[in-house]
Every structure is written in structure tokens, then in C-alpha cells.
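Written out below as C-alpha cells is the structure these notes cover.
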Amino acid sequence: MQSSPDQELVLHDVIAPQAPGWWPPAPGWWGVFVVLSLAIALMWWRWIRRRRRRAEFAAMFEDAIVGSVNAPARIAAMSELLRRAARRHDPRADRMQGEEWLRFLDAGAQSRGFAAGPGRLLLEGGFRRDVDDSEFHGLHEIARTKFIELMMRQPRARLPWRRARGDRP
């Protein structure tokens, strides 16, 4: 008896190929890894730099205040530092007086510590003979915070062909 070709052929189950391994990743994943690593390194570097700059500005503020002899002189030094820092953002800031100056300092802040708080001491504190310690320390805290905030912000860039608001021919 002759066997048919179908009977002699022995078939086995289909063996699926093995799944590809996760290592080494495809070139696109290497690119994602490099970009992600660079972004994390840049954020870390900016964070360190920002902390260092903030500490430098705080030390600059404290050094200027410590150099003054009494509370009215310290208040005057705080006012001068705040005006210098504010002038970086608005050329008219050093010429502001009274309530306008306090409103300028309160602009962009969550609390209104200058116009309705211990910051009012900036107006007359430099001319008082006696200044209460609690008022002075309250002013010191908000003035240092505002000074650091103003110094950390980038100054407004003026285009070379435009004049500042206060500049007149």
C-alpha cells in the first residue's frame, strides 16, 4: 500500500518568535533620554543659580542695613536699597513719593504690606527719633523680601530706538 503524501508529513505546532528585548533601546529612545537628561540638568543648574543669587541679594541687603548706626538710618538705607532695585524696572521709581511709592512697592505682591502695614514706616521712619522694634522688624522682613524680588526679576528691556518715559529732548 502506498501512503499518501499527507500521511507522511508530520506537522508541529507553530512556534512564535521571541519578543524583542528591552535593551538596547531604539535610537529614538536614546534621543529622548539625552533630551530629558539635559532638561533635568538645566533645571537643576537654574535652581542652584537662583538660590545662590537670592542668598547674595539677601546678604547685600543685610550688609547695607548693618552698616547703619541706628533705626532711622537703617530705615533710610532700606528705602535707598528699594529705590535702587526699583529703578531697574521703572526709571521713574526713584522719584516717586509718598503713597505712590508705597503702591509701587505693593504692586505684584500678594499682601499689601507697604501701603497698609509696617511698610508705611518707610515714609516717616527715617525722620523719627524713636522707632518701635516690632515695626522695624516687620518693615525689615517685607523690605528684604521685596528687595530680593525686585533684584531677581529681569529688568525691562528698552529698545534702542525708544526713549524711556522720563526722557524728554
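The values are calculated or read from the model by the stated rules, or taken from the named source; none is laboratory data. Keep in mind the model is a prediction, meaning the values are calculated, not measured. All Cβ positions, even for glycine, are placed from backbone atoms using ideal geometry, and neighbour counts span all protein chains on display.
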**Prompt:** Does GLY98 meet the test of being surrounded by fewer than 18 Cβ atoms within 10 Å (Cβ to Cβ) and either touching a Gly at 6+ places or on another chain (Cβ under 8 Å) or hydrophobic (A, V, I, L, M, F, W, C) (or both)?
**Reply:** no
Here the residues within region 77-118 that are farther than 13 Å from PHE147 by Cα and either among the basic types (Lys, Arg) or touching a Phe, Trp or Tyr at 6+ places or on another chain (Cβ under 9 Å) (or both) are ASP90, ARG92, ALA93, ARG95, MET96, TRP101, LEU102, ARG103, ARG112, PRO118
task: Tell me, please, whether a residue that is touching a residue at least 24 places away in the same chain (Cβ under 8 Å), charged (D, E, K, R), assigned to a loop (DSSP other than H, G, I, E, B) and touching a helix residue (DSSP H, G or I) at 6+ places or on another chain (Cβ under 8 Å) can be found in region 92-99.
output: no
Only unsatisfied item for ILE65, checking (1) free of Cβ contacts under 8 Å to residues at least 60 places away in the same chain; (2) part of a helix (DSSP H, G or I), is (1)
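In the list ALA58, ALA71, ALA86, ALA77, which residue meets the criterion of being closer than 20 Å to GLY119 by Cβ and either in contact with a Leu (Cβ under 7 Å, 6 or more places away or on another chain) or not hydrophobic (A, V, I, L, M, F, W, C) (or both)? Please lay out each step first, then the result.
Numbers: ALA58 fails: either in contact with a Leu (Cβ under 7 Å, 6 or more places away or on another chain) or not hydrophobic (A, V, I, L, M, F, W, C) (or both); ALA71 fails: either in contact with a Leu (Cβ under 7 Å, 6 or more places away or on another chain) or not hydrophobic (A, V, I, L, M, F, W, C) (or both); ALA77 fails: either in contact with a Leu (Cβ under 7 Å, 6 or more places away or on another chain) or not hydrophobic (A, V, I, L, M, F, W, C) (or both).
Every option except ALA86 fails the conditions.
In this structure, is ARG46 modelled with pLDDT under 95 and not hydroxyl-bearing (Ser, Thr, Tyr)?
Details: modelled with pLDDT under 95: no; not hydroxyl-bearing (Ser, Thr, Tyr): yes.
Considered against the rule, which asks whether it is modelled with pLDDT under 95 and not hydroxyl-bearing (Ser, Thr, Tyr), ARG46 comes out as no.
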Residue hits (region 106-135; of a type in the set (A, V, I, L, M) and in a loop (DSSP other than H, G, I, E, B)) are ALA107, ALA109, ALA115, ALA116, VAL131
Within region 68-85, residues being outside any helix (DSSP H, G or I), of a type outside the set (Val, Ile, Thr) and either loosely packed, with under 11 Cβ neighbours inside 10 Å or out of contact with any helix residue (DSSP H, G or I) (no Cβ under 6 Å at 6 or more places or on another chain) (or both) number 1
Does VAL131 qualify as being among the aliphatic types (A, V, I, L, M), buried (at least 18 other Cβ atoms within 10 Å of the Cβ) and at pLDDT below 90? yes
